[in-house]
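J.: My questions all concern the structure below.
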Amino acid sequence: MNDVDHSPFDRLLRKHVDRDGYVDYTAWKASSADRAALREYLNSLSRASTRGGTTDARLAFWINAYNAVTIEGILQEYPTSSIRNHTAKLFGYNIWDDLPLFVGGQQFSLNQIEHEILRKMNEPRIHFAIVCASVGCPRLLSEAYTIERVRDQLAINARDFFSRPQNLKADTRNRRLHMSSILSWFGEDFGSSQSARLKYLTPYLPTAAQKLAADPGVDVSFLEYDWSLNDQAKKR
């Protein structure tokens, strides 16, 4: 994984993703060259070995893999309004389970990449990097994660995540933080208690929210998650 070239994915992201993480799915799907480039990038990931590699190499690899597979899955279904249109619970196609990436001769679903690999790497900021093609997700960076910069990129996107009102609202008058549902679903990854989680997250919060996070009497509630597609077309 130390030798995987993520620059082809980087070029695609810079071309089709804006600063808010919205994707120009229309243009990407219309470009046979860019569709082929994404598939070839996924093929290059498949040629990697799951053995060895530095922690930062594995972080960059699996974050990029998750995001690239998700984009490929959406492009296969586009036009669509939400990834949830393609996540059947009992019968039928579920993009999170049925769109495998083969790496080192093994098959990995999106759910396996997230829960069995990335969440076990003791780096909770992956939740501000992997993007399930939804507005409620962290923004999709318009660049690939790299071995050299992955830790800085995680910090940058964590701060960006909490700068957006869809993910955080600080109610100083009522001593309440309204936070993304991501912090409810994966709270245990950030700490064993509310105070531990808020202490971990404090460096990435805006100033007003930092003060609330340090208040032992602060109340935390969770915002409704927006599953609509992170599609540039809806911004026009």
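The values are calculated or read from the model by the stated rules, or taken from the named source; none is laboratory data. For clarity, every value in this text was computed on a predicted model and none was experimentally measured. Each accessible area value is taken on the protein alone, full model and side chains, heavy atoms only, with ligands, DNA and RNA left out. Shrake-Rupley method; radii C 1.70, N 1.55, O 1.52, S 1.80 Å.
J.: Looking at the square roots a ≥ b ≥ c of the eigenvalues of the Cα gyration tensor of the range 18-160, which shape do they give, rounded for a/c under 1.5, prolate if a/b is larger than b/c, or oblate?
T.: Taking the square roots of the gyration eigenvalues as a ≥ b ≥ c, the range 18-160 is rounded.
J.: Give the ranking of Glu143, Glu116, Glu123 by solvent-accessible surface, highest area first, calculated with a 1.4 Å probe.
T.: Listed by decreasing accessible area, they come as Glu116, Glu143, Glu123.
J.: Explain nothing, just compute: Karplus ³J(HN,Hα) = 6.51 cos²θ - 1.76 cosθ + 1.60, θ = phi - 60°, for every residue of the range 124-140 in order, whole Hz, x for Gly and Pro.
T.: Values, residue by residue: x, 5, 4, 6, 9, 10, 7, 10, 8, 6, 10, 4, x, 6, x, 5, 7 Hz.
J.: While we're here: Accessible area of Lys234, 1.4 Å probe, to the nearest 10 Å²?
T.: Here the accessible area works out near 100 Å².
J.: Can you give me the angle between helix 7-16 and the longest principal axis of the chain, using Cα atoms only, in degrees from 0 to 90, rounded to the nearest 10?
T.: 70
J.: Defining a contact as two alpha carbons under 8 Å apart and six or more residues distant in sequence, what relative contact order in percent does the chain show?
T.: Reported as a whole number, the value is 24 percent.
J.: Leaving out ligands and nucleic acids, and using a 1.4 Å probe, what accessible area per residue does the chain come to in Å²?
T.: It amounts to 48 Å² per residue over the chain.
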